[in-house]
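A.B. asks: Structure in structure tokens, see below.
The values are calculated or read from the model by the stated rules, or taken from the named source; none is laboratory data. Small disclaimer: the values here were computed from a predicted structure and weren't measured. Positions of Cβ are generated from backbone atoms using ideal geometry, with glycine treated the same way; all protein chains shown enter the neighbour counts. When the accessible area is computed, the model is the full protein with side chains, heavy atoms only, and any ligands, DNA or RNA have been set aside. Shrake-Rupley method; radii C 1.70, N 1.55, O 1.52, S 1.80 Å.
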Amino acid sequence: MAYEDPGIIQEWLDSLGGLSVEVKKMFGCYCLYCDGQAVGWIHDSVLSLREVGLDYLPEDIVRPGKEDNIRELVIPFDYVRADWLKRAVQDTADIRKTMKK
């Protein structure tokens, strides 16, 4: 399996500067962690962020349906510098921390 171009990964990470994020190669993708929480995947130039019910994302970010097994939001590379992205990644990590308790 071929992994994502390192330049794409670095752009996603650069856009999340100031957050405690890291990536780990896994299953042909890069798993994105924030504050030690697995919050999504970077693959095919997109960030698949776990669905936790954030209500401030742009309308064109498609939410999974209730019947969908995969509960992730596909965020295209066009949003790599979006002003809401850092907040969404941090909020996802924070919400996932409370879900595990």
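A.B. asks: Across the range 47-75, what is the number of residues that are over 19 Å from Cys29 (Cβ atoms), surrounded by 13 or more Cβ atoms within 10 Å (Cβ to Cβ) and among the charged types (D, E, K, R)?
C.D. replies: So the count comes out to 1.
A.B. asks: Follow-up question, since we're still on this one. Could you list all residues from the range 18-60 that are more than 21 Å from Met99 (Cα to Cα), part of a loop (DSSP other than H, G, I, E, B) and touching a helix residue (DSSP H, G or I) at 6+ places or on another chain (Cβ under 8 Å)?
C.D. replies: Within the range 18-60, Gly18, Ser45, Pro58 qualify.
A.B. asks: State the number of residues belonging to the range 14-32 that are of a type outside the set (A, V, I, L, M, F, W, C), out of contact with any Leu (no Cβ under 9 Å at 6 or more places or on another chain) and under 19 Å from Val74 (Cβ atoms). Let's see the steps before the verdict.
C.D. replies: Let us first name the residues in the range 14-32 that are of a type outside the set (A, V, I, L, M, F, W, C), namely 14-15, 17-18, 20, 22, 24-25, 28, 30.
With the extra rule that they be out of contact with any Leu (no Cβ under 9 Å at 6 or more places or on another chain), the set shrinks to 14, 17-18, 20, 25, 28, 30.
Filter once more, so that each one left must be under 19 Å from Val74 (Cβ atoms): 28, 30.
Of the residues in that region, 2 qualify.
A.B. asks: So Asp44 clears everything in (1) closer than 14 Å to Asp78 by Cα; (2) crowded, with 17+ Cβ neighbours inside 10 Å; (3) modelled with pLDDT under 95; (4) not polar (S, T, N, Q) except one condition, right? Which one?
C.D. replies: Answer for Asp44: the failing condition is (2).
A.B. asks: Which pairs do you get when a residue that is open to solvent by 100 Å² or more (accessible area, probe 1.4 Å), found in the range 76-87, comes within reach of a residue that is polar (S, T, N, Q), reach meaning Cβ atoms under 9 angstrom, with the pair 6+ apart or on two chains?
C.D. replies: Arg81/Ser15
A.B. asks: Select from the range 79-89 the residues that are out of contact with any Asp or Glu (no Cβ under 8 Å at 6 or more places or on another chain) and either assigned to a loop (DSSP other than H, G, I, E, B) or under 17 Å from Cys34 (Cα atoms) (or both) and list them in ascending order. Even if it seems obvious, please write down each step before you answer.
C.D. replies: Within the range 79-89, the first condition is being out of contact with any Asp or Glu (no Cβ under 8 Å at 6 or more places or on another chain), and the residues that meet it are 79, 81-89.
Arg81, Ala82, Asp83, Trp84, Leu85, Lys86, Arg87, Ala88, Val89 - these are the residues of the range 79-89 that are out of contact with any Asp or Glu (no Cβ under 8 Å at 6 or more places or on another chain) and either assigned to a loop (DSSP other than H, G, I, E, B) or under 17 Å from Cys34 (Cα atoms) (or both).
A.B. asks: Mind checking whether some residue in the range 66-78 is part of a loop (DSSP other than H, G, I, E, B) and on the phi > 0 side of the Ramachandran plot?
C.D. replies: Filtering the range 66-78 for residues part of a loop (DSSP other than H, G, I, E, B) gives 66-71, 76.
With the extra rule that they be on the phi > 0 side of the Ramachandran plot, the set shrinks to none.
No; the residues of the range 66-78 include none that is part of a loop (DSSP other than H, G, I, E, B) and on the phi > 0 side of the Ramachandran plot.
A.B. asks: When the range 1-16 is examined, which residues are found to be without any contact (Cβ under 8 Å) to a residue 40 or more places away in the chain and open to solvent by less than 60 Å² (accessible area, probe 1.4 Å)?
C.D. replies: Gly7, Ile9, Leu13 - these are the residues of the range 1-16 that are without any contact (Cβ under 8 Å) to a residue 40 or more places away in the chain and open to solvent by less than 60 Å² (accessible area, probe 1.4 Å).
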